[in-house]
Each structure stands twice: as C-alpha cells, then as structure tokens.
Amino acid sequence: MTATSPQENHAVADSGAQIDGFHLVIDALKLNGIDTIFGLPGIPITDLTRMAQGQGMRVISFRHEQHAGNAAAAAGFLTQKPGICLTVSAPGFLNGLTALANATTNCFPMILISGSSEREIVDLQQGDYEEMDQLAIAKPLCKAAFRVLHAEDIGVGIARAIRSALSGRPGGVYLDLPAKLFAQTMDAAKGAASLIKVVDPAPRQIPAADAVARALDLLKGAKRPLILLGKGAAYAQADADIRALVETSGIPYLPMSMAKGLLPDTHAQCASAARSYVLAESDVVLLIGARLNWLLSHGKGKTWGAPTGKQFIQIDISPTEMDSNVAIAAPLVGDIGSCVAALVAGMGSHWPKAPADWTGPVFSKRDANQAKMAETLAKNPSPMNFHSALSAVRAVVKAHPDAMLVNEGANTLDFTRSIVDMYQPRKRLDVGTWGIMGIGMGFAVAAAVVTGKPVIAIEGDSAFGFSGMEVETICRYHLPICVVVFNNNGVYRGTDVNASGGADVAPTVFVKGARYDKMMEAFGGVGVQATTPAQLQEAMEAAIASGQPTLINAVIDETAGTESGRITMLNPQTAKKT
Ligand code: ADP
C-alpha cells in the first residue's frame, strides 16, 4: 500500500465506499508494521479488539491493564517498534498509566491508546460514563500525548505517536481516542490516503567529529579505563560495533542488568565479578547508554572511589543527560550505533590495548570472586536458599542461551542478576530504572509473543503477586513460559513477627507453605513443587522441552534473604542508622 500525505487527500476521488474510525486505526497501525496489540477489551474499544484480530493483528487480552502496558513496553524494548497497549476509559486508562510512566522512565517505546468519554461532556464535567480528562492526566507522565477528534486525522495521530515514541530518547506516548471517533465514517479512498507510513522514525544522529576526537583523546590517555554498558546500548542493537569497541580497546567492561549478554557474561573482559573494584579504581569511564542515576550511585561517593578525579565519557542520544549528576568531560551525543562506530573507526588497527597493570589486577580479582561464588553455589542446604536454587537456574540458562529471562523481586532479583550468566543480547528483562515490582507476567508474555523463544521468569513470591492472575493469560495463549516462584513465605523473608503480639501476621509475611503451582494448574498449565535444586532443574528443563505453561513453586528457606535485598540503605530507618 502506498500512502499519500493528507495534504494530497483532496486530489483523491471518492470511492463510493465508506470506512470507519475503527478500521482507520487498524489500517494506520498495520501500515506502520505494527502487528500486535496488548490490551483489555471494554467500552469503547471492545469492537476495536475484535476487528483488529479480524484484520490479522495479534490481539493479546490481559486480565489487568497494567500488565498489558508492561507487555507493550517490553515489546518496544525488544523490537524497536512502539509496543501498543489498548485500554478502556478512566479506570482502565489509569491502570495502564503506571506502565506508560515506567516505559518513559526506562526509555522504552510504547503507545498507550485509550478510549475516552465524549469531550463535550468531559469538558463541562457533566458526569459521563467513566468521565475523565485523560489527556491532561497522561501528559506529565509520558513523552508526548495526543488526542484525535476526527476520522481524517487518525493517520496523523498515529504517525505522531510513533515518531514521538521512537525518535531521540525513546519513551511512552499517550493517544486519546474518544468513543465517538470510532464510529465516524469517511470515504474509504480518502481515508486510505489520509494514513501516513512513517519514514525513518528513529533517524540516526551522527556525533560531531570534534566530540569523537575529544572522547578518543581521553580514552587513549587513560591508565585505568572502564566501559559501562546500559540498557540503552542493548536497545540500540549495535551489538557488533559494541563488541568491536570492547575488544579493540581491551578495556574491562561492566554490563548494567539489562545489558547483560550484550557480550556474554563469560567474556574475557567482563568485570562484573569485580564490580566494586573497577568502579572505585578506574580513572576514565566510558558510559554507553547508561545514566548515572541511583543505580550507579549518581557517579559519586565511596562507590566511585571518591575523591579521585574520575573522568567520564558519556554516549547518549539525549544531550541534556550530560552533567546530570557529575561533570561529563567528553559528552558524545548521538545514537549509540553511530557513536560507537565512530569511536571504533577513530581507533583504527593500532590502538593500544588497556594497560596490563590495570587489567591484570581486575581480572585476577574477578577470577578470585568467581571461585568463591562457585564454592557457595556448590553447597546444597535443605531447605534451598537463593544460591542453591539459582545454581539450578544458572545451569538451565547456560544450556538454553536463547531463552528469555524475566526477573523481579528483592533478593530474588539481586541474586539472580549476579549469579545467572547471560550469553546473548536482549535476553534479560527486569525491574529497570525504578526497580518496580509487577512487571513479571506482562514482560514474560511480551517476551514469548515477540521472540517465540522459551521464557523463564524468576519471581520473588511478593513480586509475583502483583501480576499472578496473568497465568490465565499465559495458559489461554499457550505461551512457552516457565514461571519459577522463589517462595520464602513473605516479602524479603517469612520470619517477621507482629510487634504488638496481636493476631495478625506481620505486614511482610504471607500464608506459609503457599502452593503457587496450583494457580497454573487451575488454568490447565503444569504446576510443580520443587524443594531441591535437582527437582527445580528437572522441572525447568521439562518446561522448556514441552513448551507448556509451567509454574514451579520453589521452596526457599524462609529465613533466607535480607530486608530490601541490596538496597537496604534506602529504607529511611536504616539510612538514619548509617
Ligand atoms: P541502565 O539502567 O541500564 O543504566 P538507563 O536506562 O539508565 O540504562 O540509560 C539508558 C540511556 O540510553 C538513556 O539515557 C537513553 O537516553 C539512552 N539511549 C536509549 N536509546 C539510545 C540510542 N539508540 N542511542 C543513544 N542513546 C540511547
């Protein structure tokens, strides 16, 4: 289908046939290569979901909009196309909004399309069904927000939403479609001509030559250089150039959690197991698609070995990211692919490798820490603890490097991130920039739908609770997802007591001995109770081999785990004491 711009619309002859708003929305999405909608039907978008499916789109219906939104965001991250989440008005829209804000925070491209009540009634606050000024509410929580009132503007509305989501720093976009729009009709030929196929929605941004030279100068003079890869680098899909940069320079690198696997965690230059050492001791740090936010202690303080006068080179598509926490000596603004390729080209073939008196100690520290960890992983306590259970998960992921791994929780997140090696790019999806709980089943569904690969979701029992009902969705669409719930009877641990001595259990404690596996069985999937690493590994292997939706209730020692995992210091009470 060739599209003409709306300006040319007047030149299109009437076809005699009519098209409605529903079909224009569907055609506009399809024209832009969008073939999947994650959502939840209801007034006024029920027919849109039916018609989209009828027109060959994949429509994945969830049980709660937040999980549909999270699925859309994850799909956006994995595909570089905006993931679409479709919600009903007011409450449905609000349920989707958390995911939209989270997508924006994480720089994932997604579009939340929501039906809404009629403008005339909403604006006069006359009390419509699910009345809410959704556009105004969405605006501060996303990158851009648009409303379409007329059928002939649907093409423009979708084009603007796509471009906003994908160009520059990716993010979440809100598109408000009032109920009346869907039933509006216009001439079919004019309608088709009004649609826009977005050309080059994420244009390359070539870095300036002097900025490249400045970055190379700084890197060349470094005595203890470090490369830090963030999820922006994973999103950019510049895998070969990033590998060339790392290997040509010989510089140790650290992947942030969702950049794990960009190069295999077993790569000779990976410094993950010497993280504290390299952050503190490095003198020049090259950040590639990673922000110096709380996850990196804002680039300062003890973590970074202050006061050492560390210097930063930062590659980012957003110019205002520079100096957001500390001075950036060499900002390199542009898309990661272009920036990294420019650095590699500038290095040529005679670039000196990172000094051996730096890399030597880094890699021996790493090897020593890995040997210590191997001893811990080899232990087989009863009941299982996080380490012994994760030694099973680690072996399964190693045997299936193309499987997707979704991970959320507190201790379950922290231990999985450090124990389970990743081998391929964009295989790990997790709680991201906010450290949010509740992404689990939404991300898992998207991972299965988008990649067609087996999905392993390693879930804390608390984290799983946020999206647990979506196991029905997983069963309904027969998705090859193996959920492992690390069940230690509570948030963080299952051992808290009620300080008042009253009858209620402590706020962090759940029902003891809960059988989450039965939830999957309730919908026709496979449920397994695992109390040893061997049982866990066997059940995971069986799930991957069969492709059956599976939930493994992995029974973990209820005394295992620490308050808030690795971020205990963010609790106000703990912070006061330190
Ligand atoms: P992490 O949490 O892994 O450290 P962040 O989400 O903090 O990663 O950082 C990702 C960064 O990557 C953001 O600042 C974003 O602007 C940037 N980014 C995303 N996509 C691109 C791209 N294609 N080119 C350049 N920078 C990008």
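Counting residues that are more than 16 Å from the ligand (Cβ to nearest atom), of a type outside the set (G, A, S) and under 30 Å from G346 (Cα atoms), which strands (runs of 3 or more DSSP E) fully inside the range 110-229 reach at least 1?
The strands (runs of 3 or more DSSP E) meeting that bar are 225-229.
Looking at the range 319-328, is at least one residue open to solvent by less than 10 Å² (accessible area, probe 1.4 Å), assigned by TED's automatic domain parsing to the domain that holds L229, in contact with a strand residue (DSSP E or B) (Cβ under 7 Å, 6 or more places away or on another chain) and in a helix (DSSP H, G or I)? So far as the range 319-328 goes, no, none of its residues is open to solvent by less than 10 Å² (accessible area, probe 1.4 Å), assigned by TED's automatic domain parsing to the domain that holds L229, in contact with a strand residue (DSSP E or B) (Cβ under 7 Å, 6 or more places away or on another chain) and in a helix (DSSP H, G or I). Somewhere in the range 555-576, is a residue surrounded by 16 or more Cβ atoms within 10 Å (Cβ to Cβ), touching a Cys at 6+ places or on another chain (Cβ under 9 Å) and within 15 Å of N487 (Cβ to Cβ)? No.
Grab the strands (runs of 3 or more DSSP E) fully contained in the range 23-107, keeping just those with 1 or more residues being open to solvent by 20 Å² or more (accessible area, probe 1.4 Å). Give the derivation first.
On the way: elements: 36-39, 58-61, 83-87.
Here the list reads 36-39, 58-61.
Only residues that are out of contact with any strand residue (DSSP E or B) (no Cβ under 7 Å at 6 or more places or on another chain) and open to solvent by 30 Å² or more (accessible area, probe 1.4 Å) were counted across the range 304-314, and they come to 4.
In the range 230-243, of all residues being out of contact with any strand residue (DSSP E or B) (no Cβ under 8 Å at 6 or more places or on another chain) and among the small types (G, A, S), the one that is farthest from the ligand (Cβ to nearest atom) corresponds to A240.
Scanning the range 275-303 for residues that are crowded, with 21+ Cβ neighbours inside 10 Å and over 24 Å from the mean Cα position of the chain (by Cα) turns up V278, L279, S282, V284, V285.
Would you say L343 is part of a helix (DSSP H, G or I) and over 25 Å from G250 (Cα atoms)? Considered against the rule, which asks whether it is part of a helix (DSSP H, G or I) and over 25 Å from G250 (Cα atoms), L343 comes out as no.
Considering M441, M422, the condition of being touching a residue at least 60 places away in the same chain (Cβ under 8 Å), outside any helix (DSSP H, G or I) and open to solvent by less than 10 Å² (accessible area, probe 1.4 Å) is satisfied by M422 alone.
Does the range 252-268 include one or more residues that are aromatic (F, W, Y), within 15 Å of the ligand (Cβ to nearest atom), in contact with a Gly (Cβ under 9 Å, 6 or more places away or on another chain) and in contact (Cβ under 8 Å) with a residue 12 or more places away in the chain? Among the residues of the range 252-268, not one is aromatic (F, W, Y), within 15 Å of the ligand (Cβ to nearest atom), in contact with a Gly (Cβ under 9 Å, 6 or more places away or on another chain) and in contact (Cβ under 8 Å) with a residue 12 or more places away in the chain, which makes the answer no.
The values are calculated or read from the model by the stated rules, or taken from the named source; none is laboratory data. Every value quoted in this text rests on a predicted model; they were computed, and no experiment measured them. Note: ideal-geometry Cβ built from the backbone for every residue, glycine included; neighbour counts use all protein chains shown. Accessible surface areas use protein heavy atoms only, side chains included; no ligands, DNA or RNA. Shrake-Rupley method; radii C 1.70, N 1.55, O 1.52, S 1.80 Å.
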